[in-house]
Number of protein chains: 2
Amino acid sequence: MPAPAEFLKYIDNNADKFIKRLADAVAIPSISGDATHRKDVFAMAEWLNGQLKQVGVDTQLVDLGRHTMDGEDLPLPPAILGRIGDDKSKKTVLIYGHFDVQPANKSDGWDTEPFTLAIDEKTGRLIGRGSSDDKGPILGWLNVLQYHHENNIPLPVNLRCVFEGMEESGSEGLDELVQRESLKGGYFEGVDCVCISDNYWLNTRTPALTYGLRGLSYYKVTITGPARDLHSGVFGRTVHEPMTDLISLLGTLVSAQGDILVKGVDDMVAPPNEEEKAIYAGLNYSISDIEEAAGASIALSDDKVSVLMGRMRSPSLSIHGIEGAFSGAGAKTVIPAKVSGKFSIRRHPLVIAHLEKAFAAIGSKNKLTVENLHGGKPWVADHRHWNFEAAKKATKAVYGQDPDLTREGGSIPVTLTFAESLGVNVLLLPMGRGDDGAHSTNEKLDKSNFLEGSKLLGTYLYELADVQK
Amino acid sequence: MPAPAEFLKYIDNNADKFIKRLADAVAIPSISGDATHRKDVFAMAEWLNGQLKQVGVDTQLVDLGRHTMDGEDLPLPPAILGRIGDDKSKKTVLIYGHFDVQPANKSDGWDTEPFTLAIDEKTGRLIGRGSSDDKGPILGWLNVLQYHHENNIPLPVNLRCVFEGMEESGSEGLDELVQRESLKGGYFEGVDCVCISDNYWLNTRTPALTYGLRGLSYYKVTITGPARDLHSGVFGRTVHEPMTDLISLLGTLVSAQGDILVKGVDDMVAPPNEEEKAIYAGLNYSISDIEEAAGASIALSDDKVSVLMGRMRSPSLSIHGIEGAFSGAGAKTVIPAKVSGKFSIRRHPLVIAHLEKAFAAIGSKNKLTVENLHGGKPWVADHRHWNFEAAKKATKAVYGQDPDLTREGGSIPVTLTFAESLGVNVLLLPMGRGDDGAHSTNEKLDKSNFLEGSKLLGTYLYELADVQK
């Protein structure tokens with residue numbers, strides 16, 4: 001069942017209003033990982049709740065309690081639960097999105113203010129933090145619902161939704177909520193399938209459906225020694241320096257070629273069979289796609305299949321930075337007293353034992369602590385399920401081409417929780433392109449992806465109603 | 001010739017006024033290494049110039065031109081030249097100090113505001129950035145001069161002074177000034193010896209005279225790759241990551257035991273003979289002194305002579321921090337596009353070739369650049385010279401004990417320039433103690449060191465007048 005032609009027209013005709021609404025959402029700096037912005041995550045929850053009510057969603061804010069972040073006790077932003085329809089003859093789909101964002105400062109290298117949506121008329125880019133990850137997709141759902149609400153047209157499915165404000169910081173509190181509401185008599189009772197729009201096409205040309213996620217474990221490794229920062233002239237070569245120890249430890253994690261040096265991690269992944277290799281070989285993708293997205297010729301290999309496996313199925317380890325060391329411009333001759341390295345490993349948490357062993361081996365008198373800051377579990381779904389079939393038909397209808405079937409390097413912690421708690425198929429249906437720059441400077445969503453993506457989400461609901469269970 | 005008893009009394013009687021003046025000096029955040037504070041370095045020059053005039057010094061501000069710092073073109077703060085007396089029958093001493101300071105933020109871990117002098121009545125500590133390095137010692141000279149000016153008593157020597165505002169950033173522009181003014185007919189013509197008060201006692205008990213400095217080369221090593229920051233989920237294990245490369249390079253520099261891994265550096269220093277070892281063995285110093293100053297039991301060795309040689313004669317290498325990586329609190333899953341490691345090596349610049357070789361060896365497609373941000377030359381003086389003899393007598397007179405004879409791990413770039421340009425003996429006559437925390441959080445100068453140190457500087461001038469050339 002294709003979506004009504006009137007719906008597709010409605011999206012195009014209201015483009016300016018929809019972009020204005022996206023600008024309103026981007027303007028709220030709802031950074032979940034920064035305690036000073038916690039109030040903005042709450043404000044964002046209020047804003048979104050108001051928008052959902054306006055398009056006919058019956059919502060409730062759910063208090064998720066409190067948590068500790070960097071030693072500070074903070075209230076968790078509420079999750080939003082919502083519902084439309086309870087028709088036993090219709091399928092029930094649960095949609096998910098997150099309204100928090102990664103940190104962003106103009107000084108990080110943005111060309112424009114990150115929390116002011118900039119519209120590049122020439123390229124059609126909508127630039128701002130959260131435009132693609134994940135406010136754009138959430139607003140895509142709002143666009144779909146607004147058409148049906150304003151025109152008094154019932155949705156082709158029953159809708160349940162859950163939106164959270166802690167996705168960029170480990171989705172704290174959400175697992176418990178999802179598990180609870182998945183039980184008999186819970187809010188999600190009767191859900192037939194799940195759709196999450198919170199990732200990206202593999203390239204800039206081909207729509208994608210995603211059936212796997214690599215997961216994430218984020219670590220903070222801290223070395224403490226001196227009671228205070230020391231002058232490197234006075235103390236250099238007299239004491240064990242925490243930075244020396246930390247650099248040494250971080251150097252034991254990953255090679256310049258991306259191989260993980262934590263013993264056993266690379267071995268934990270079964271080698272791909274020929275069938276799986278064929279999927280990678282067949283994807284609409286080239287080395288130049290990744291180098292274009294990265295902005296430099298720095299791919300780890302010239303072999304497309306090898307690079308795609310590095311992204312989709314192999315573990316990866318990235319060192320993000322160091323807290324506590326001198327990080328400003330200029331030259332400061334300090335021996336920092338307490339330094340924390342931040343790194344994440346995609347998928348395999350064998351890290352703590354490795355670090356403890358490596359630290360013992362360097363024989364320092366400083367102290368080591370390792371914290372697992374947050375994580376997300378890996379996940380793989382059946383891409384031949386009717387939920388995926390509906391999305392394939394919708395993609396073909398809106399974009400005129402078949403979607404790439406991809407597995408993602410990133411993590412959306414709740415994905416596996418949905419799959420396990422509800423026991424239903426979960427689909428990742430991305431709105432943005434591979435070069436959107438989520439988590440990076442100048443994050444953008446192409447205007448065409450925002451509009452065609454909204455059509456895709458709506459069309460998916462109609463195809464879902466039609467497809468054979 | 002001992003200093004007049006009236007002078008010693010004057011210092012004690014005016015203690016509160018002198019501390020108030022130190023508070024005024026500390027309140028000006030004259031951070032030379034931070035472009036946004038350059039105006040404060042200028043303000044500090046104006047303030048000090050006014051103070052010098054008030055105590056009878058004939059001064060002039062010398063424009064040192066402009067320089068580039070972190071890509072920004074900036075005016076250099078002026079140097080202050082000053083003079084009192086031109087009596088051919090008296091010796092002429094040149095004194096030096098610097099009125100710029102290291103960066104400091106309360107958030108670095110200070111217990112009090114770094115640019116508000118805090119007076120701890122219980123311990124007698126005067127806490128604030130620059131209290132010990134080097135505003136306290138400069139004000140010590142002001143205290144001495146104020147006594148003579150107010151009481152119309154001529155100094156026992158002719159005085160020349162030079163104060164600069166770029167010492168913490170490589171003393172840019174000063175070498176040329178010193179070299180020029182040391183020529184025949186220059187401002188420093190006739191100078192018989194130099195006294196610099198800009199370092200520390202070895203411990204917290206024993207006054208010291210310093211006859212050697214280790215020097216410094218400060219490096220910035222930058223790796224660039226991607227055109228922008230990348231999402232570690234999307235790009236992890238597909239591209240060469242600049243942080244991985246940088247950590248690998250920094251890991252090739254120094255061992256956890258402080259041994260320098262840059263080939264050849266440790267070999268460039270001749271092993272100590274038995275006589276030199278005896279000096280270290282005789283110093284009033286123990287391992288617990290350094291561990292008390294560092295605030296933790298982290299000395300590299302339990303052998304006092306080995307630790308003292310590590311501080312005074314061996315090269316040292318400290319890694320200060322990383323610019324461009326994620327340095328905030330919390331967890332950000334970013335692959336930074338451009339990261340710069342900051343480290344300094346005390347004395348031996350064999351570093352660039354080492355880094356280029358190490359970078360070639362890891363086979364990354366990212367780009368490496370290495371900059372030598374600033375440096376200071378090593379220096380050793382004759383501690384049997386009459387300039388040192390005068391200081392020894394003054395120390396005995398004020399403190400009732402003989403000074404330690406030390407070599408310092410730090411650098412005061414201009415020291416060697418004075419020695420070479422003027423061809424006279426240079427003495428380092430420290431005011432502060434080994435635990436003052438210069439360049440660190442909670443930098444302090446003990447009130448007793450400020451007052452007894454002022455007496456020491458004045459007494460040194462009287463002993464200087466007396467000692468046999």
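One table, with the values for the structure above:
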item: Entirely in segment A:36-120, the strands (runs of 3 or more DSSP E) that have 2 or more residues that are over 22 Å from the mean Cα position of the chain (by Cα); result: A:58-62, A:72-75, A:79-84, A:118-120
item: Any chance B:Lys377 is over 29 Å from B:Glu113 (Cα atoms), within 14 Å of another protein chain (Cβ to nearest Cβ) and in contact with a helix residue (DSSP H, G or I) (Cβ under 6 Å, 6 or more places away or on another chain); result: yes
item: Filtered residue count, segment B:246-266, keeping only those that are touching a residue at least 40 places away in the same chain (Cβ under 8 Å) and either closer than 23 Å to A:Gly410 by Cβ or touching a helix residue (DSSP H, G or I) at 6+ places or on another chain (Cβ under 6 Å) (or both); result: 7
item: Identity of the residue in segment B:35-84, within 14 Å of another protein chain (Cβ to nearest Cβ) and buried (at least 20 other Cβ atoms within 10 Å of the Cβ), that ends up nearest to B:His98 (Cα to Cα); result: B:Val41
item: Segment A:226-255, subset more than 7 Å from chain B (Cβ to nearest Cβ) and crowded, with 24+ Cβ neighbours inside 10 Å, residue farthest from B:Trp110 (Cα to Cα); result: A:Leu253
item: Complete set of residues in segment A:420-439 that are under 13 Å from the mean Cα position of the chain (by Cα) and more than 25 Å from A:Tyr399 (Cβ to Cβ); result: A:His439
item: Count of residues meeting criterion [closer than 23 Å to B:Ala438 by Cβ and either among the aliphatic types (A, V, I, L, M) or more than 7 Å from chain A (Cβ to nearest Cβ) (or both)] in segment B:302-311; result: 4
item: B:Glu168 being buried (at least 21 other Cβ atoms within 10 Å of the Cβ) and among the acidic types (Asp, Glu); result: yes
item: Filter result (modelled with pLDDT under 90 and not charged (D, E, K, R)) within segment A:382-416; result: A:His383, A:Leu405, A:Thr406, A:Gly409, A:Gly410, A:Ser411, A:Ile412, A:Pro413, A:Val414, A:Thr415, A:Leu416
item: Test: residue in segment B:289-301 that is assigned to a loop (DSSP other than H, G, I, E, B), at pLDDT 85 or above and more than 8 Å from chain A (Cβ to nearest Cβ); result: yes
item: Test for B:Ser314: is it at the interface with chain A (Cβ under 10 Å from one of its Cβ atoms) and under 30 Å from A:Glu168 (Cα atoms); result: no
item: Of residues in segment A:329-360 being in a loop (DSSP other than H, G, I, E, B) and within 7 Å of chain B (Cβ to nearest Cβ), the one nearest to the chain's Cα centre (by Cα); result: A:Arg346
item: Some residue of segment B:256-275 being surrounded by fewer than 20 Cβ atoms within 10 Å (Cβ to Cβ), more than 7 Å from chain A (Cβ to nearest Cβ), in contact with a Pro (Cβ under 9 Å, 6 or more places away or on another chain) and in a helix (DSSP H, G or I); result: yes
item: Options A:Asn152, A:Asn199, A:Asn143: the member that is among the polar types (S, T, N, Q) and surrounded by fewer than 21 Cβ atoms within 10 Å (Cβ to Cβ); result: A:Asn152
item: Residues satisfying the stated conditions in segment A:121-150, i.e. under 19 Å from the mean Cα position of the chain (by Cα) and part of a helix (DSSP H, G or I); result: A:Ser131, A:Ser132, A:Asp133, A:Asp134, A:Lys135, A:Gly136, A:Pro137, A:Ile138, A:Leu139, A:Gly140, A:Trp141
item: Segment B:104-122 residues that are over 19 Å from B:Ala25 (Cα atoms), paired with ones that are among the hydroxyl-bearing types (Ser, Thr, Tyr) and surrounded by 14 or more Cβ atoms within 10 Å (Cβ to Cβ) (beta carbon under 6 Å, 6 or more apart); result: B:Asp108/B:Thr441; B:Gly109/B:Thr441
item: Total residues in segment A:356-381, condition modelled with pLDDT under 80, buried (at least 21 other Cβ atoms within 10 Å of the Cβ) and of a type in the set (A, V, I, L, M, F, W, C); result: 0
item: Strands (runs of 3 or more DSSP E) (entirely within segment B:386-469) containing at least 1 residues that are surrounded by fewer than 20 Cβ atoms within 10 Å (Cβ to Cβ) and touching a Phe, Trp or Tyr at 6+ places or on another chain (Cβ under 9 Å); result: B:404-408
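The values are calculated or read from the model by the stated rules, or taken from the named source; none is laboratory data. No experiment lies behind these values; they were computed from the predicted model shown. Glycine also receives a Cβ, built like all others from the backbone with ideal geometry; neighbour counts cover every protein chain displayed.
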